[in-house]
Amino acid sequence: MGAPDIDATTSTGGLTAAEVQQRVDAGQTNDVPARASRSIGDIIRANVFTRFNAIIGALFVIILVIGPIQDGLFGYVIVVNTLIGIVQEWRAKHTLEQLAIVGAAKPRVRRDGLASAISADQIVLDDIVELGAGDEIPVDGTVVAAEALEVDESLLTGESDPVTKGEGAAVLSGSFVAAGSGAFRVTKVGKDAYAAQLAEEASKFTLVNSQLRDGVDQVLRIVTWLLFPAGALIIYSQLHDNDDTRGAIRGMVAALVPMVPEGLILLTSVAFAVGVIRLGQRQCLVQELPAVEALARVDTVCADKTGTLTENGMRLSQVKRIGEVDDVEIALAALAAADPRPNASLQAIADAYPENPQWTATAVAPFSSARKWSGATFAEHGSWVLGAPDVLLRPGADARIEAETIGAQGLRVLLLGRAETAVDAVMAPGVVTPAALVVLEQKIRADAQSTLQYFAGQGIDVKVISGDNAISVGAVAATLELPGADNPVDARQLPADAAELPAALAAATVFGRVTPAQKREMVGALQSAGHTVAMTGDGVNDVLALKDADVGVAMGSGSPATRAVAQIVLLDNKFATLPYVVAEGRRVIGNIERVAALFLTKTVYSVFLAILIGALGLPYPFLPRHLTLIGGLTIGIPAFFLALAPNAERARPGFVGRVVRRAAPAGVVAGAATLITYLLVRNDAGATDARSGTASLITLFVIAIWVLAVAARPYELWKVALIVVMALGLPLALVVPYGRKFFALSISDGHGLLVGLAVGVIGMLLVEIAWRIGNRWAVTRPS
């Protein structure tokens, strides 16, 4: 028995090619974009027209007017940085869109009496779309044929119980088929569909709802508040009673430019974008960028057994007859043929018994995760059911005990039995007379054990949550050496009180006979206990839990509904990809923390120095080109390498606090030490602006290089090489005549240079002491 019969005479056989073309010409197509990613124009505008670029751009224009052009180098740096950001985000957009095409669900649409899979955006008004278990409903419509069709509208209404849909009933986009099959006529397409806007927002390439991004924004708010008073003071001090107006303006620009952490937002976006590209190369579709970060913070992974720890496919291993029933094989073949969209268990049976006995089904009950059985009523052959023995049989029944014994070996065991009532009756199936135990083999994923070991080594708890028999699930988990697998829990024995559920979940690792509603409750209970939860799955029964988890991870071969609600889709169905996603998230978080500390240190010493200089009424010691050189060597260039480097450090809360604790002391030390050198050299006989500025620059450079060295820990060869190369930058500019001239440096005052170096070394030691004290305090403070 195939999909529900469609009467072509009533046009339910689908539109003709000519009718489809008419609707395309009329614009009656499902033209909602597959992804709501930003256009190239949006990407350019977002990277160019920023608050900080506006500030830097205004200062750059000032330098272009008053000259010399060397003092406008910071403007060119912003152009290069912005171009890098645009290119990286475009690459990420391209990667996401290509992966989305690969992973997109393709609804089956009837045209000219034939059904074929097409992309959702090719659907037109009045198309006939076929439905099967697990299918997401892509557009709104009216049911024209139904076979025990049950639709889950929980993602739209919040109501978790599936709704039975008969002919004439309305179906809405954004819902999905929980059981049964059918077909519907499309009544609304494109932006007119009920859930079009919801779907667009759900798949957006975005950085919203990110703890990391929120932390960076908080740092930038702090910086903004510091900029105004410091900027106002330095402007007043440089322009007040100063005959050299051009020199005063250059000093003002030099003081203001390093206060702006212009590259921090850029590098955050670049780090995320590169992460998406790297994961894309592993066939991992990141539907929401913060999911990469969130998975790095996860401390509990809830994994479904089927499709995650085991392969999706099954093989019929054995049929153990019970009693003297003769029609066992025929009944199994008939049940497999009666279901138009068989699940993995029925498909294994269909593969073993391909001959259709041509029993006429008068009622069909497709498999449901909630009731855990499927069945059919056949004319002249009675009602047959296939499902969980511990659900269909009373406790203590011999067949049930035998099924549990077999299941303890890690095999899936189903009961074939005769039902006393028709399968579509309200009280179905009633008393079930066992006919046979159907034993199915599942292949354990080759990468499952190593993945579980990785999570254990990272301190991440794994909870196996399955709808299968608890003993069978425990046996599979035990072969993977999962701690606690020898004490599986039947979810029917879990406390109904939500307050008691977290403790019950903490005490066990493996749970069987979990209903879809329970999966959702278990995720919520773990979250209420303070855990960050990732949920993996591939079936319709996982949808609600995936949606509520902090991170939903779906298999690419899973149901379209599952893929639609998950933030991460593993297109190659490899559970072993998850460690790479975790590692990528940790790389992003850890590296942005390093980079943020560098940028904020620069802002702190710039603000602090500006306040001190302004309060003393002194000329600013640096030209804009000086700070462009320092910023490029100690922050700009190395920050790009550090932001994209490997980093396995575990994600921790308190991002802003740690960044401020690292940056504030280092910035204050750098600012104070620079001022001390400036005052000491400035008061020497024969001192000039070039000599005092060069000596001050050496002090600031030595301390800034050490801040970079601290941020780069733990050291690797490439990091050491990076620091050394950056450290040679200023000496090279001092030694090479062209460099001295270009950057307006002086080496004629040897005493001043030694003073600058000595004060810099003292400042370097103070930064090291502050870093060690901060680390010790962070370790000993209560969590």
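The heavy atoms of SER39 offer some 50 square angstrom of accessible surface to a 1.4 angstrom probe.
Local charge for GLY558 was computed over the other residues whose Cβ lies under 10 Å away, with Lys and Arg +1 and Asp and Glu -1, and equals -2.
Looking at the chain alone, DSSP beta bridges between its own residues are antiparallel in about 75 percent of cases. For the residues TRP359, TRP373, a 1.4 Å probe over the protein chains yields an accessible-area ranking, largest first, of TRP359, TRP373. Note on the chain: dipole from Cβ charges, positive end direction compared against VAL607, ASN487, SER116; the farthest Cα belongs to VAL607. Scoring 108-117, 480-489 by mean Cβ neighbours within 10 Å over their residues and listing the highest first yields 480-489, 108-117. Based on protein heavy atoms only, the chain ends up with 41 Å² per residue of surface accessible to a 1.4 Å probe.
Tell me whether the stretch 319-394 comes out rounded, prolate or oblate; compute the Cα gyration tensor, take square roots of the eigenvalues as a ≥ b ≥ c, and use a/c under 1.5 as the rounded threshold. Since a/c stays below 1.5, the shape of the stretch 319-394 is classed as rounded. For the peptides 215-223, 263-271, the ranking by mean Cβ contacts within 10 Å, running from highest to lowest, is 263-271, 215-223. Near LEU623, once Lys and Arg are set to +1 and Asp and Glu to -1 for all other residues with Cβ below 15 Å from its Cβ, the sum equals +3. Sorting ARG740, ARG51 by accessible area puts them as ARG51, ARG740; the probe is 1.4 Å, largest comes first, and only protein heavy atoms count. Counting only heavy atoms of the protein chains and using a 1.4 Å probe, PHE655 has close to 20 Å² of accessible surface. Averaging the Cα positions of each part gives two centres, and for the stretch 49-91 and the stretch 308-382 these lie 68 Å apart. From most to least packed by mean Cβ count within 10 Å, the peptides 127-134, 84-91 give 127-134, 84-91. When only the Cβ of Lys, Arg, Asp and Glu is charged (+1, +1, -1, -1), the dipole of the chain relative to its Cα centre reaches about 3920 debye. Membrane-span-like helices in the chain, defined here as complete DSSP H runs extending at least 20 Å along the helix axis by their C-alpha atoms with mean Kyte-Doolittle hydropathy no lower than 0.5, are 51-66, 73-103, 211-239, 262-280, 578-616, 655-682, 689-711, 750-780; this is a sequence and geometry rule, not a statement about a membrane.
The values are calculated or read from the model by the stated rules, or taken from the named source; none is laboratory data. Predicted, not measured: the structure shown is a model, and the values here were computed from it. All Cβ positions, even for glycine, are placed from backbone atoms using ideal geometry, and neighbour counts span all protein chains on display. Each accessible area value is taken on the protein alone, full model and side chains, heavy atoms only, with ligands, DNA and RNA left out. Shrake-Rupley method; radii C 1.70, N 1.55, O 1.52, S 1.80 Å.
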